[in-house]
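The values are calculated or read from the model by the stated rules, or taken from the named source; none is laboratory data. Keep in mind the model is a prediction, meaning the values are calculated, not measured. Reconstructed Cβ throughout: ideal geometry from the backbone, glycine too, with neighbour counts over all protein chains shown.
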């Protein structure tokens, strides 16, 4: 907002004195009222000006200064009326300048600009008018004109603090950060207790990541002006940015105590509550923002994002569309709407929303990344790769895009390119921290020579990943490691103890001795040069315990073809991304009915997990597979059962890897957006050569086609038998 004119001699005609034609008593009364005004005694000043006007209604200076008092009180209508009365008596630059300030405060920018320009026609050296016009033009985005006006003011007085301050604001608005900082520092040399300059300097530091300096400046602003609402709010934003959430909340709530209608503080309080997962409170805050500022599109956007996360999709869509009604160019709202469409499988709409986001904001790296993920999941690999690479071109540290690119490169068999990107899976910058690095008193292995060294191999992700990559223990032992220790979930211990070259297998709850190095299992391949052609795929590398194999053989029928079945994976309810994948890879046991109806086959359930296992009750008794899983203690038992089967048919779960690692025949029913390890369009797997056959969905959700292919293959096998 432009500065209002100070009450000073410049507001009087001829620069210093009231008109000479005024009677002496009026002159004395005016000087007394003016002195009271300058001293801040507004009641006495107003009484004096009104007494003058009671005898001389056309007294220009009394009308003008009474209008200034009305302006100081916030009564814009009365102020305008009085200042215009003064102008009707005498056109003077000071009167017009103050009218311009009033009009700008009332939001009438065009009229305000005309007033400032008219004042400058009358008084080309009117420094306040140059300054205020520059401020108006800056806020209107007319930056070249704004700079010219502010520099004209400074040409008249290089130490005119208000113009230097506004020039600092101009530099900040136009991203001339060094010049903005210099301007604010010069202001503070001239007036060290100028709280607004401290606040704006702090805000500049906050936006450029200089957090310690930002905090210092904001606290100085509050030292000089303890009730400075905006500084309390900016300090809250800074403290939130630096993870000091409790203090941030105190600052934001204090700002709202000082001014309950301060929308910026309420909005940022909502952001803080959202970030700290106090979602119901955040929702209340976001919903309160439009009650104060109905056009606050960002509040609708953040509320829509919150509702989408809460799976309240209809409400989320309505709120996000409201944000876009208010601001069709709000890229973040288009992006969040794209996320909603993506999560509700409205993929064409999601693609359109992401593309619109990028039209508005080409450097929106998350939109590039999510568009890449959408293309990836719909098997549009070349477009997916381009999108991931676009994201990384804008931000090479964007871990989500790097990880997504790694999965795509792995899926297309470009392992050498993929592995370095695959290390981003445990980046602290990733949104979903499904892989967390351990804190151990010895270093992570990065490919150093292992001759005579001990190495600890740590599990990550699911059981299937651990089974697939445990093969690398043998590879590392062959490279000279003196001791290989494998850590795993208890359910895998007895099984992984059968790997050649493993010296010890520990569960995740056991004490871990000191080693020379540690490594995540899935970080080994890049250090041993794994490509599609060099996968260590000698089978079997896991073995069922012979005694267990015998014990389970006695519980299985000796006649017929024996086929194991798995129809569902681990739903991982607490992990939305993993749960979404599980929903796509899993099926209902009823979808196996075309197989279960085949004569001459004994089907054996290998399905674990309460809800999926309970689906057996929905089958007619005569179609239910043999179910012995209640007695299965761990993967060692499952391996022993599989060793007694002729075939395993499974969706993409750990059992697929287990059967493959045992070198037992396994047919894997793969979802349309297949896991990277099954590559593109292949029916075999180089990870489990000769053991695994892949049968793929031809469209998302289509289990009918692969099940029909399985049925045909089983019939052929029965005929051959």
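The numbered conditions (1) in contact with a helix residue (DSSP H, G or I) (Cβ under 9 Å, 6 or more places away or on another chain); (2) surrounded by 17 or more Cβ atoms within 10 Å (Cβ to Cβ) are all true for residue 624 except (2). Of the residues making up the range 280-289, those that are crowded, with 19+ Cβ neighbours inside 10 Å and more than 16 Å from residue 259 (Cα to Cα) are 282, 283, 286.
From the list 384, 323, exactly one residue is in contact (Cβ under 8 Å) with a residue 12 or more places away in the chain, more than 24 Å from residue 413 (Cβ to Cβ) and surrounded by 15 or more Cβ atoms within 10 Å (Cβ to Cβ). Which is it? Before you say what the answer is, go through the steps one by one.
On the way: 384 fails: more than 24 Å from residue 413 (Cβ to Cβ).
It is 323.
Scanning the range 519-569 for residues that are under 19 Å from residue 652 (Cβ atoms) and under 38 Å from the mean Cα position of the chain (by Cα) yields a count of 7. For the criterion of being within 38 Å of the chain's Cα centre (by Cα), in contact (Cβ under 8 Å) with a residue 24 or more places away in the chain and outside any helix (DSSP H, G or I), residue 515 passes. Checking each residue in the range 697-711 for being within 13 Å of residue 586 (Cα to Cα) and within 34 Å of the chain's Cα centre (by Cα) picks out 697, 700, 701, 702.
For the range 631-647, the criterion of being touching a residue at least 40 places away in the same chain (Cβ under 8 Å), within 16 Å of residue 587 (Cβ to Cβ) and buried (at least 21 other Cβ atoms within 10 Å of the Cβ) is met by none of the residues. Could you go through the range 344-354 and let me know if any residue there is more than 20 Å from residue 375 (Cα to Cα), free of Cβ contacts under 8 Å to residues at least 40 places away in the same chain, buried (at least 22 other Cβ atoms within 10 Å of the Cβ) and in contact with a helix residue (DSSP H, G or I) (Cβ under 7 Å, 6 or more places away or on another chain). Scanning the range 344-354 turns up no residue that is more than 20 Å from residue 375 (Cα to Cα), free of Cβ contacts under 8 Å to residues at least 40 places away in the same chain, buried (at least 22 other Cβ atoms within 10 Å of the Cβ) and in contact with a helix residue (DSSP H, G or I) (Cβ under 7 Å, 6 or more places away or on another chain).
Listed conditions (1) surrounded by fewer than 20 Cβ atoms within 10 Å (Cβ to Cβ); (2) at pLDDT 95 or above; (3) under 42 Å from the mean Cα position of the chain (by Cα); (4) part of a loop (DSSP other than H, G, I, E, B) are all met by residue 690, apart from (3). Screening the candidates 438, 459 for the property of being outside the structural domain of residue 568 (by TED's automatic domain parsing), surrounded by fewer than 17 Cβ atoms within 10 Å (Cβ to Cβ) and more than 18 Å from residue 388 (Cα to Cα) yields one hit, 438.
With a requirement of 3 or more residues that are more than 18 Å from the chain's Cα centre (by Cα) and not assigned by TED's automatic domain parsing to the domain that holds residue 584, the helices (runs of 4 or more DSSP H) lying completely within the range 313-398 that satisfy it span 313-326, 347-360, 365-377, 381-394. Every condition in (1) surrounded by 20 or more Cβ atoms within 10 Å (Cβ to Cβ); (2) assigned by TED's automatic domain parsing to the domain that holds residue 698 is met by residue 561 except one, and the failing one is (1). Please work out if residue 509 is loosely packed, with under 13 Cβ neighbours inside 10 Å, under 35 Å from the mean Cα position of the chain (by Cα) and part of a loop (DSSP other than H, G, I, E, B). Spelling it out, residue 509 is indeed loosely packed, with under 13 Cβ neighbours inside 10 Å, under 35 Å from the mean Cα position of the chain (by Cα) and part of a loop (DSSP other than H, G, I, E, B).
Need a quick list: helices (runs of 4 or more DSSP H) entirely within the range 192-287 having at least 3 residues that are in contact with a helix residue (DSSP H, G or I) (Cβ under 7 Å, 6 or more places away or on another chain) and over 30 Å from residue 159 (Cα atoms).
229-241, 245-258, 263-275
Counting only helices (runs of 4 or more DSSP H) wholly contained in the range 102-156, the ones carrying 1 or more residues that are over 23 Å from residue 92 (Cβ atoms) and assigned by TED's automatic domain parsing to the domain that holds residue 84 occupy 127-139, 143-156. A residue that is surrounded by fewer than 24 Cβ atoms within 10 Å (Cβ to Cβ), more than 27 Å from residue 43 (Cβ to Cβ), out of contact with any helix residue (DSSP H, G or I) (no Cβ under 7 Å at 6 or more places or on another chain) and at pLDDT 90 or above occurs nowhere in the range 125-134.
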